[in-house]
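A short reminder: the numbers here are calculations on the coordinates, not readings from a lab. All of these numbers come straight from a predicted model, not from anything done at the bench. When we count neighbours, we look across all protein chains shown, and the Cβ atoms used for this are built from the backbone with ideal geometry, even at glycine.
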Amino acid sequence: MLGRREFLRFTSLAPICLCCRVDAVAGEPEPLVCTELVMADFKASLEIAIDENPDNDPARQNLPHSEAISLYKKKWNPKRRILNVSFLDEPTYLDKVIKNARGWEDHIGMNFRFGPSDPDILIAFDKGGSWSYIGTDSRYYAQRGRPSMNFGWFDSKTADGEFSRVCLHEFGHALSLVHEHSHPGGKISWKEKAVFAYYKKQGWSEDDVRRQIFKKYQLSQVNGSGYDQTSIMHYPIDASLVTDPSDAVGWNEQLSSLDKAVIAKLYPKATSQLPR
């Protein structure tokens, strides 16, 4: 399989938002990124999104097509009750991935079906980075036998908190959630020079950093909640990268209250009119 950077070059795709952890690599800390991907073919992505969920059609909200395929507009049909999730490999820690991914199920009106299937989400365990396509884009790749999600740094020694953090985060992307650090309501006091230097270690140019870190989504692209520093979808921010210490964010490992509220609104549970 291709590593994260080779994968991006091969598909001509670019990450939309990132989260990272820092490990020692050859004696030098290097950000290992969790990358959220979108399809390069805008038209195909829009067709898939509308086919899955007619409410993703921009015409229903009088929006131009340029806004329709925003990250938020790739959500699965809320009437769907099962998302099929298959694996290209079955590592010894597979049960931990499944257990932690199910953390979303208590708050949505659908369940994940894990195992061989006609997949909506197809997971690989290629060493290197972790990434996921957003929402309905996942189906395009999964249906073609290509991974739509990857966990690149898990092993048998990975801490439980790291399994929780990364699994919930990646499945949040697959459910169409976006990174919180790019929320238009987040006024983060970035130290630009420090951020440029930090990400230079993974080969990013200053333009890459501007696009991936500093750029904000439009209000129409986000999930409708207020800015939430405690979100599982938030990018961790070291205190050395901001001027205001209150803007620093640690490694969120659990769903926040707003995460639960937002996902419940996107995928409400069915209500039965049958008597008890």
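Worth a mention:
- Residues whose placed amide H lies under 5 Å from that of LEU83, excluding near-sequence neighbours: ASN111, PHE112, ARG113
- Cα shape, region 78-183, gyration tensor, a/c 1.5 rule: rounded
- Length available on full extension from ALA270 to GLU192: 0.36 nm per residue minus the Cα-Cα distance, which gives 23.4 nm.
- In sequence order, calculated HN-Hα J values of region 243-255 (Karplus, 6.51, -1.76, 1.60; Hz; x Gly/Pro): 7, 9, x, 6, 7, 5, 10, x, 8, 5, 10, 10, 5
- The shape of region 150-240 comes out oblate: with a ≥ b ≥ c from the C-alpha gyration tensor, a/c is at least 1.5 while a/b does not beat b/c.
- Rounded to the nearest 20, the size of the Cβ-charge dipole of region 168-224 about its Cα centre is 240 debye, with Lys and Arg at +1 and Asp and Glu at -1.
- In this structure, the pairs whose alpha-carbon distance is over 26 Å, taken from LYS193/LYS215; LYS43/LYS127; LYS43/LYS215; LYS127/LYS157; LYS191/LYS260; LYS216/LYS265, are LYS43/LYS127; LYS191/LYS260.
- From phi via Karplus (6.51, -1.76, 1.60), per-residue ³J(HN,Hα) for region 132-138 in Hz, x at Gly/Pro: 8, 6, 8, x, 5, 4, 4
- Taking label positions 7 Å along the Cα-Cβ direction at both ARG146 and ASP95, the computed distance is 3.4 nm, reported to one decimal.
- Rounded to the nearest whole Hz, the Karplus-based 3J(HN,Hα) values (6.51 cos²θ - 1.76 cosθ + 1.60, θ = phi - 60°) of region 111-122 follow the sequence 10, 8, 9, 9, x, x, 6, 8, x, 8, 10, 10, with x at glycine and proline.
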